[in-house]
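Asks: Sharing a structure below in structure tokens format, with a few things to ask.
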Protein chains: 2
Amino acid sequence: MSVTFKDVAKLAGVSTQTVSRVTNGADNVSPETRDRVNQAINALGYIPNKGAQMLSRGKSKTLGIVSLDIALHGVALIVNGVRQQAYEKGYGAALSIVENNEFGRIKAAIRELASQQVDYIVVNVPLTQEMAEQLVEQFTSLNFMFIDVPEHSKVNYVCAEHTEGAKMAVQHLIACQRENFLLVTGPNASTGSSLRRAGWRDELTQNGKNIVASYEGDWDAQSGYLAIRDALAKKQSFDAVLVANDQMALGVLCALNELGISVPDKVSVVGFDNISDSAFFTPPLTTVEQDFLALGQQAVKRLLDSTEQSPHSYCQLILPTRLIVRSSTSVKTKQGENAQEILNHLDKARALLQSSLERN
Amino acid sequence: MSVTFKDVAKLAGVSTQTVSRVTNGADNVSPETRDRVNQAINALGYIPNKGAQMLSRGKSKTLGIVSLDIALHGVALIVNGVRQQAYEKGYGAALSIVENNEFGRIKAAIRELASQQVDYIVVNVPLTQEMAEQLVEQFTSLNFMFIDVPEHSKVNYVCAEHTEGAKMAVQHLIACQRENFLLVTGPNASTGSSLRRAGWRDELTQNGKNIVASYEGDWDAQSGYLAIRDALAKKQSFDAVLVANDQMALGVLCALNELGISVPDKVSVVGFDNISDSAFFTPPLTTVEQDFLALGQQAVKRLLDSTEQSPHSYCQLILPTRLIVRSSTSVKTKQGENAQEILNHLDKARALLQSSLERN
DNA sequence: CACATTAATGTTATCGAAAACATTTCACAC
DNA sequence: GTGTGAAATGTTTTCGATAACATTAATGTG
């Protein structure tokens, strides 16, 4: 079968323990022996057996991630952040994906990771406060870090400033003199989505603005598209759309463009996330940036730090969000304000067409 | 520390071997004993130790994936397909991500997975034929499956019909009476990108069409955007753009829209991949679909099947691509053909504006 | 009733690496 | 030259689960 210490030891003419010393970089091995062992390792193509290492060491130097579907761009970035930081700290990363956020599935995923003897677990799945606390209680041998769990939970968490970010979006649209708002939220089960919606709602009612309708999307472009089509089919009148992520905002823009409703003038749109694509939407999207990568990185950093702390202090870190203003929002053009200018353009265009028509 | 068989056995009043029999679902255990053991397992919250299992069983029932960055949407879908199929066949999945496609990194990743005693490895990183063959040769104890490796390599592979798909895109644009083509490729290191470019080139030269310029992008929207800006800055004239993926096509569309160059009329654009967003671009993108999920799934399916085959037969599966026609392509409007129609529209618009202007 | 058969369970050895402990060798001090 | 300590290496035991083998008890058969 596979090459083990025994084979290496035999070839190098030493004991297995000496081989172990070499692979672990112990300093009490003579240079000549070390060389001989390393040569044997290379010659045989020795690869350590993680299972055996885990067993004898007791710990695995591995961090587990329980995550939503990585096909969601934000999720993939968070996972990247986690992996990267884990790797930097000398940890491996084991990823377990849960399709839906059924609690049983999540527990099973954690059990799966626990069976791999992971030392830490980062959970990036929407959970209620109770669920998070229950997990910590149930899996006492594991150290948890949660991402985007409700604030004030008695667990370690790292969170984006969803509510504040949402409020900034509203404030910006109010500054754009918008009055009637359409909301497109994420799935209600998502903590992030709930927080954003709450932020929107708070700020809108506080400023006496009108919420025309609220649609629950599923994060992808189609749900944004369908929301707008439905709203327009119902002849609802709005001059601003708040969208819970950029991908749905793409669908929103598509529907508006398709129907010839001018963005940003007639309807302004603000997204959330600032994914790299959103700068290239038509028009480029005003959005609220959150730093997914940093979220993942900080989750790991704080988790590893927290174990050195006293047991009853939690890491509760909230990362800032910030408004990125692009062309999908603007102050409403007063009717007729630019009309003369547009008229001039039209005349010019007309003349051009006319002449080309005559030439044919 | 953690709960082991010993603890369970003691509580249930049986031997550890009996506990093992229960957890492995052996049939020669009396129902009462089984119940007693299961109760003990639940009471203690026993979780098996994968390392120990691996060690004693010899095999891990795990499949390794070496993959590019999962932040690329297509990659994430492939990984999903692999995981899903592996899971279905009773295998776990260990993911190792390599940042760049440096060969040393890839080898290290495989070694890492091998140390976890994976039984199979799916490689989704651009490799040359030689590299792929070398890996198979070096890691004799592993069973490999490659995704998108050059055809006719002497290894197992699953591949999308890049070249054919690319040709379909060209044929479609030729049917749209396009003459001057701009190319935006993916990174040259990518096998998929090379195959697509080759397909474009072949079909274009065969039909005597003009390649105005070729830009090498890095898969993201910005590189598509920059390509167009550069081409226009150099006053290049083209009426069709072939783009190696949809995300870059988004950037292409953005640049064209921004400059008021009408898509599809003045310039038609075809992407590649058919990611879910592309139906919601402005305008919705004509593109070549490839089924990433199926690619991942088939990779695993064939890999598991192949080990039952004779050693010197390779699985070499090529999955079809298909053209999805949307609004980013069209037959070129003959100058003046629709002019009268447009003129009528203009007149209507003018009247509307005029009246609103007078009202103010 | 003695003996074969099977069901249910227990005992021991094993996987590969590493920790704990043991031994050997050599250098140096007194 | 004997004792002390450190460096280099070897031996034994351990981790947790399981395969291989061993035992016991119960059942059935001629």
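The values are calculated or read from the model by the stated rules, or taken from the named source; none is laboratory data. All of these numbers come straight from a predicted model, not from anything done at the bench. Quick reminder, even Gly has a Cβ in these numbers, built from the backbone with ideal geometry, and neighbours come from all protein chains shown. These accessible areas exclude ligands, DNA and RNA; they are computed on the full protein's heavy atoms, side chains included. Shrake-Rupley method; radii C 1.70, N 1.55, O 1.52, S 1.80 Å.
Asks: Report yes if A:Gln117 is crowded, with 20+ Cβ neighbours inside 10 Å, more than 16 Å from the chain's Cα centre (by Cα) and either outside any strand (DSSP E or B) or not assigned by TED's automatic domain parsing to the domain that holds A:Ser20 (or both), otherwise no. Before the answer, list the steps.
Replies: On the way: crowded, with 20+ Cβ neighbours inside 10 Å: yes; more than 16 Å from the chain's Cα centre (by Cα): yes; either outside any strand (DSSP E or B) or not assigned by TED's automatic domain parsing to the domain that holds A:Ser20 (or both): yes.
For A:Gln117, the condition - crowded, with 20+ Cβ neighbours inside 10 Å, more than 16 Å from the chain's Cα centre (by Cα) and either outside any strand (DSSP E or B) or not assigned by TED's automatic domain parsing to the domain that holds A:Ser20 (or both) - is met.
Asks: Another question about this same structure. Kindly evaluate B:Thr62 against the criterion of being within 30 Å of B:Phe292 (Cβ to Cβ) and more than 11 Å from DNA strand C (Cβ to nearest atom).
Replies: Numbers: within 30 Å of B:Phe292 (Cβ to Cβ): yes; more than 11 Å from DNA strand C (Cβ to nearest atom): yes.
Yes; evaluated as a whole, the condition is true for this residue.
Asks: Which of (1) of a type in the set (Ser, Thr, Tyr); (2) surrounded by fewer than 22 Cβ atoms within 10 Å (Cβ to Cβ); (3) closer than 28 Å to A:Ser194 by Cβ does A:Thr307 not meet, given it meets every other one?
Replies: (3)
Asks: Another question, then. Could you grab me the full set of residues in the range A:167-178 that are assigned to a loop (DSSP other than H, G, I, E, B) and open to solvent by 20 Å² or more (accessible area, probe 1.4 Å)? Can you show your working first?
Replies: In the first step, residues of the range A:167-178 are kept if they are assigned to a loop (DSSP other than H, G, I, E, B); the result is A:176-178.
Hit for the range A:167-178 is A:Gln177, nothing else.
Asks: Shifting gears a bit: Given the criterion among the aliphatic types (A, V, I, L, M) and over 16 Å from the mean Cα position of the chain (by Cα), identify the matching residue among B:Val136, B:Val149, B:Val158, B:Val122.
Replies: Details: B:Val149 fails: over 16 Å from the mean Cα position of the chain (by Cα); B:Val158 fails: over 16 Å from the mean Cα position of the chain (by Cα); B:Val122 fails: over 16 Å from the mean Cα position of the chain (by Cα).
After applying the criteria, what remains is B:Val136.
Asks: Kindly evaluate B:Ala213 against the criterion of being in contact with a strand residue (DSSP E or B) (Cβ under 9 Å, 6 or more places away or on another chain) and surrounded by fewer than 18 Cβ atoms within 10 Å (Cβ to Cβ). Before you say what the answer is, go through the steps one by one.
Replies: Working: in contact with a strand residue (DSSP E or B) (Cβ under 9 Å, 6 or more places away or on another chain): yes; surrounded by fewer than 18 Cβ atoms within 10 Å (Cβ to Cβ): yes.
Criteria met by B:Ala213.
Asks: Is it the case that some residue within the range B:237-249 is surrounded by fewer than 24 Cβ atoms within 10 Å (Cβ to Cβ) and in contact with a helix residue (DSSP H, G or I) (Cβ under 6 Å, 6 or more places away or on another chain)? Before you say what the answer is, go through the steps one by one.
Replies: Looking only at the range B:237-249, we keep the residues that are surrounded by fewer than 24 Cβ atoms within 10 Å (Cβ to Cβ), and these are B:237-239.
The next check asks that each one be in contact with a helix residue (DSSP H, G or I) (Cβ under 6 Å, 6 or more places away or on another chain); those that pass are none.
Among the residues of the range B:237-249, not one is surrounded by fewer than 24 Cβ atoms within 10 Å (Cβ to Cβ) and in contact with a helix residue (DSSP H, G or I) (Cβ under 6 Å, 6 or more places away or on another chain), which makes the answer no.
Asks: Just one of the numbered conditions (1) at the interface with chain B (Cβ under 9 Å from one of its Cβ atoms); (2) at pLDDT below 95 is not true of A:Phe281; which one?
Replies: Single failed check for A:Phe281: (2).
Asks: Go through (1) open to solvent by 50 Å² or more (accessible area, probe 1.4 Å); (2) closer than 20 Å to B:Glu112 by Cβ; (3) modelled with pLDDT of 95 or more one by one and return the number of the condition A:Ser96 breaks.
Replies: Of (1) open to solvent by 50 Å² or more (accessible area, probe 1.4 Å); (2) closer than 20 Å to B:Glu112 by Cβ; (3) modelled with pLDDT of 95 or more, only one is false for A:Ser96: (1).
Asks: Now a separate question. If we scan the range B:263-285, do we find a residue that is surrounded by fewer than 19 Cβ atoms within 10 Å (Cβ to Cβ) and at positive phi?
Replies: Within the range B:263-285, none of the residues are surrounded by fewer than 19 Cβ atoms within 10 Å (Cβ to Cβ) and at positive phi.
Asks: Can you confirm whether the range B:105-118 contains a residue that is facing chain A (nearest Cβ under 8 Å), of a type in the set (Asp, Glu) and within 16 Å of DNA strand C (Cβ to nearest atom)?
Replies: The initial filter retains those residues of the range B:105-118 that are facing chain A (nearest Cβ under 8 Å), namely B:111-112, B:114-117.
Next cut, of a type in the set (Asp, Glu) only: B:112.
Within this subset, residues satisfying the condition of being within 16 Å of DNA strand C (Cβ to nearest atom) are B:112.
Looking through the range B:105-118, at least one residue is facing chain A (nearest Cβ under 8 Å), of a type in the set (Asp, Glu) and within 16 Å of DNA strand C (Cβ to nearest atom).
Asks: For the range A:271-284, what are the residues that are more than 13 Å from A:His73 (Cβ to Cβ) and in contact with a Leu (Cβ under 7 Å, 6 or more places away or on another chain)?
Replies: Initial filter on the range A:271-284 (more than 13 Å from A:His73 (Cβ to Cβ)): A:279-284.
If the condition is that a residue be more than 13 Å from A:His73 (Cβ to Cβ) and in contact with a Leu (Cβ under 7 Å, 6 or more places away or on another chain), then A:Phe280, A:Phe281, A:Thr282 are the ones that fit.
Asks: Just to check your reading of the model, which residue among B:Ser67, B:Ser30 is among the hydroxyl-bearing types (Ser, Thr, Tyr) and crowded, with 19+ Cβ neighbours inside 10 Å?
Replies: Numbers: B:Ser30 fails: crowded, with 19+ Cβ neighbours inside 10 Å.
That would be B:Ser67, the only listed residue that is among the hydroxyl-bearing types (Ser, Thr, Tyr) and crowded, with 19+ Cβ neighbours inside 10 Å.
Asks: Tell me which residues, restricted to the range A:77-97, are under 17 Å from the mean Cα position of the chain (by Cα) and facing chain B (nearest Cβ under 8 Å).
Replies: Scanning the range A:77-97 gives A:Leu77, A:Val79, A:Asn80, A:Arg83, A:Leu95, A:Ile97.
Asks: Also: Which pairs turn up if I take residues in the range B:208-236 that are among the polar types (S, T, N, Q) and look for partners that are modelled with pLDDT of 95 or more and not in a helix (DSSP H, G or I) with beta carbon separation below 7 Å, at least 6 apart in sequence or on another chain?
Replies: B:Asn210/B:Glu179; B:Asn210/B:Asn180; B:Asn210/B:Phe181; B:Ser214/B:Leu183; B:Ser214/B:Thr185; B:Ser223/B:Gly217; B:Gln236/B:Val212; B:Gln236/B:Ala213
Here's the yes/no breakdown for (1) over 26 Å from A:Ser313 (Cβ atoms); (2) surrounded by 23 or more Cβ atoms within 10 Å (Cβ to Cβ):
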residue	(1), (2)
A:Val123	no, yes
A:Val149	no, yes
A:Ser153	no, no
A:Asn180	yes, no
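Asks: Somewhere in the range B:6-18, is a residue more than 14 Å from DNA strand C (Cβ to nearest atom), charged (D, E, K, R) and in contact (Cβ under 8 Å) with a residue 24 or more places away in the chain?
Replies: Our first condition is that a residue be more than 14 Å from DNA strand C (Cβ to nearest atom); within the range B:6-18, this holds for B:7.
With charged (D, E, K, R) added as a condition, the list becomes B:7.
Next cut, in contact (Cβ under 8 Å) with a residue 24 or more places away in the chain only: B:7.
Yes, that holds for at least one residue.
Asks: I've got another one for you. List, please: which pairs have Cβ atoms under 7 Å, are six or more places apart or on different chains, and start with a residue in the range B:37-58 that is in contact (Cβ under 8 Å) with a residue 24 or more places away in the chain and open to solvent by less than 40 Å² (accessible area, probe 1.4 Å) and end with one that is among the charged types (D, E, K, R) and away from DNA strand C (no atom under 14 Å from the Cβ)?
Replies: So the pair list comes out as B:Ile47/A:Arg111.
Asks: Return the residues of the range B:182-196 that are assigned to a loop (DSSP other than H, G, I, E, B) and either open to solvent by 10 Å² or more (accessible area, probe 1.4 Å) or of a type in the set (Phe, Trp, Tyr) (or both); say none if nothing qualifies. Even if it seems obvious, please write down each step before you answer.
Replies: To start, the set of residues in the range B:182-196 that are assigned to a loop (DSSP other than H, G, I, E, B) comprises B:186-190.
Within the range B:182-196, B:Pro187, B:Asn188, B:Ala189, B:Ser190 meet the criteria.
Asks: Continuing with this model, one more query. In the range B:54-76, what count of residues is obtained for those that are on the phi > 0 side of the Ramachandran plot and facing chain A (nearest Cβ under 8 Å)?
Replies: In the first step, residues of the range B:54-76 are kept if they are on the phi > 0 side of the Ramachandran plot; the result is B:58, B:61.
Applying the additional criterion that residues be facing chain A (nearest Cβ under 8 Å) yields B:58.
The qualifying residues number 1.
Asks: Any idea how many residues of the range B:8-17 are near DNA strand D (Cβ under 9 Å from one of its atoms) and surrounded by 18 or more Cβ atoms within 10 Å (Cβ to Cβ)?
Replies: Here the count works out to 2.
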